[in-house]
Every structure is written in C-alpha cells, then in structure tokens.
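Quick note: the coordinates plus some simple rules give every number you see, no bench work behind them. As the structure is a computational prediction, the values presented were derived from the model and not from experiment. Note: ideal-geometry Cβ built from the backbone for every residue, glycine included; neighbour counts use all protein chains shown.
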Amino acid sequence: GENVEQHPSTLSVQEGDSAVIKCTYSDSASNYFPWYKQELGKRPQLIIDIRSNVGEKKDQRIAVTLNKTAKHFSLHITETQPEDSAVYFCAASNRGGADGLTFGKGTHLIIQP
Amino acid sequence: EAGVAQSPRYKIIEKRQSVAFWCNPISGHATLYWYQQILGQGPKLLIQFQNNGVVDDSQLPKDRFSAERLKGVDSTLKIQPAKLEDSAVYLCASSRYTDTQYFGPGTRLTVL
C-alpha cells in the first residue's frame, strides 16, 4: 500500500518569512495530493490540492509543487502570518481522489511574532 | 450548505465496553469515509463506502470494528469490545466521487 513521509515534524519561522513542508510517496499510481490544515481540536480543512497532470499550483500565499519522477511534493507558504500556525498534513490517493487518503504524520508550523 | 455532522463529540468508556459513532454526510455526497486519528499522527483510513456499498475496508480491524451505511446516507461505526489503543479521534468525511473530502468535527474516544 501507499506510504507517505512528511518532513519536518516541527517548523518554526518568523512572521513574514516563508515556510516549506516536504512529502514523499511510495505508490507510483497515486495521482491526487491534497494538503490539509488542522488547528488544535478542530477538523482537518483542505487548503490546496494538486493532481498528477500538473506540476505546480498556486492560491494567493500558498503553492504546491509536484515532482512525479521523484515522487515528491511540497507545500510553500509565503509571507507567513500568526493565523498560519497549525498542523499541516500532506496526503496521497489514486483514482483521482476517489480512494481514501493516505496521510503523512504532520508538520507543526509555529509562526514566531 | 451544511457540513458533515458527527455525534457524539466526546465519549469515555471502560475497556471491553462497546461504543458507536454516527455520521451524517453532506447532502448529495455518495462517498463516505471513516478515519482514525491517534494523537500526534495523521488520519488513517478505516473504511470507505460508495453509496451503501463498501469500497475499501482493508485497514478495519474486523474482529472488533464494524460499520454500516444503510440507505446510502448516514453511517455508524461500532467498536466492540474496545481496547486501550482505540483511544483516538474518529473522523468521518464525505465527497462527491473524485472531489475534495470534507471532514466532520470528529468524535474523541477515551478508553480507560
């Protein structure tokens, strides 16, 4: 089955700086890669996703890149703000997202004022 | 549009007792998922339904866990008997076929 590795487990950045979280996956059949943000005690919420026919996707301060050859995808957050503090999870799925998601272990992002 | 609803929000039981969780997906979402999230980890898929049929239950501990989705709408997940290691948040999610999975608020289970 699919295995998703996520790094780092904790990331502390100064407000206004950029943050990068990296994930690798094992199953070459995976073709859908969402990122979820989870605040303490709350439900995971989708912030951005990318499908395997696209190499990069951007939404305001958030971007995701995908390298299918290396089985690697990354989340980039620019101009970080205090409200970006949360745990971020990457995930992978095949059949375009119709299957269940395999999640990474999460990255605790801390924005220092 | 109402989100995914789950109940109860919290449950505390003794080991070897039984417990059941309920989920109501977003209206019109044919696919329903149950995930288990242990503290400090990412969610792990337990079972996936498409309408009222099971698509994937390969990670469901079938000796103690069961789930059903009658009439292709609401779903229940049951644990019988519970073990200490079942302490976790149980998340329900729903989606249209290949669209975004939307999560409910979860049920936090503590097994003593």
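Calculate the spin-label point distance for A:T78 paired with A:Q14, positioning each point 7 Å from the Cα along the beta-carbon direction, and give it in nanometres.
Each label point lies 7 Å from its Cα, and together they span 1.9 nm.
Separation between the A:D27 and B:Q41 pseudo-spin-labels, each 7 Å from Cα along Cα→Cβ, expressed in nm?
The two pseudo-label positions are separated by 1.7 nm.
What number results when the radius of gyration of the protein assembly as shown, computed over Cα atoms, is divided by 2.2 N^0.38 Å? Before the final figure, lay out each step's value.
Working: Rg = 17.5 Å, N = 225, 2.2 N^0.38 = 17.2 Å.
Scaled against compact globular proteins, the figure is 1.02.
Taking K and R as +1 and D and E as -1, what net charge do the other residues with C-beta under 15 Å from the C-beta of B:S7 add up to? Walk me through the numbers before you get to the answer.
Numbers: positive: A:R43, B:R9, B:K11, B:K78, B:R108; negative: B:D74.
Computed value for this residue: +4.
All other residues with a Cβ under 13 Å from the Cβ of A:N67 taken together, and with Lys, Arg as +1 and Asp, Glu as -1, what is their net charge? Walk me through the numbers on the way to the answer.
On the way: positive: A:K22, A:K68, A:K71; negative: A:E56.
Within the 13 Å Cβ shell, the charges total +2.
Do you know the relative contact order of the range B:25-80, to the nearest whole percent, from alpha carbon pairs under 8 angstrom that are 6+ apart?
Numbers: 89 pairs, mean separation 14.8, N = 56.
It rounds to 27 percent for the range B:25-80.
Name the long-range amide H neighbours of A:S26: under 5 Å, sequence gap of 5 or more, or other chain; modelled H, no Pro or chain starts.
A:N3
Quick one: if the Förster radius is 25 Å, what FRET efficiency do A:K58 and A:E5 give, using the C-beta to C-beta distance and rounding to 0.05?
Values: r = 24 Å, r/R0 = 0.96.
Computed FRET efficiency for A:K58 and A:E5: 0.55.
Going by Cα centres, the range A:30-49 and the range B:46-112 are how many Å apart?
18 Å
If we count every other residue with Cβ under 15 angstrom of A:G1's Cβ, Lys/Arg +1 and Asp/Glu -1, where does the sum land?
Details: positive: A:K71, A:R95, B:K44; negative: A:E2, A:E5, A:D27, A:D99, B:D56, B:D57.
Within the 15 Å Cβ shell, the charges total -3.
Answer with one residue from A:H76, A:A98, A:I62: the one whose Cα lies farthest towards the positive end of the charge dipole of chain A, charges on Cβ with Lys, Arg +1 and Asp, Glu -1.
A:A98
What list of ³J(HN,Hα) values in whole Hz, one per residue of the range B:26-39 in order, does the Karplus curve 6.51 cos²θ - 1.76 cosθ + 1.60 (θ = phi - 60°) give from phi, with Gly and Pro shown as x?
So the J values, rounded to whole Hz, are 5, 4, x, 7, 7, 9, 10, 10, 10, 10, 10, 10, 7, 3.
What do you get when you divide the Cα radius of gyration of the range A:4-80 by 2.2 N^0.38 Å, with N the number of residues?
Numbers: Rg = 12.8 Å, N = 77, 2.2 N^0.38 = 11.5 Å.
With N residues counted in the range A:4-80, Rg over 2.2 N^0.38 Å equals 1.11.
In a GNM of chain A with a 10 Å cut-off on Cα contacts, which of A:Q38, A:Q81, A:Q60 has the highest mean-square fluctuation?
A:Q60
Within chain B, how many lysine pairs that are 8 or more places apart, or on different chains, have C-alpha atoms less than 16 Å apart? Mind dumping the intermediate values first?
Working: B:K11/B:K78; B:K11/B:K83; B:K15/B:K78; B:K15/B:K83; B:K44/B:K62; B:K62/B:K78; B:K62/B:K83.
Lysine pairs, 8 or more places apart or on different chains, close enough: 7.
Which residues' amide hydrogens lie under 5 Å from the amide hydrogen of A:L11, considering only partners 5 or more residues apart or on another chain, with H built in the peptide plane?
Here the answer is A:H108, A:L109, A:I110, since their amide H atoms fall under 5 Å of that of A:L11.
Let me know the charge dipole size of the range A:1-96 about its Cα centre in debye, to the nearest 20, where only the beta-carbon of Lys, Arg (+1) and Asp, Glu (-1) is charged. Walk me through the numbers on the way to the answer.
On the way: 11 positive and 12 negative charges, 80 e Å.
Value, rounded to 20: 380 debye.
Enumerate the amide H contacts of A:S85 below 5 Å, restricted to partners 5 or more residues apart or on another chain; note that Pro and chain-start residues carry no placed amide H.
Residues meeting the criterion, in which the H sits 1.01 Å from N, are A:I111.
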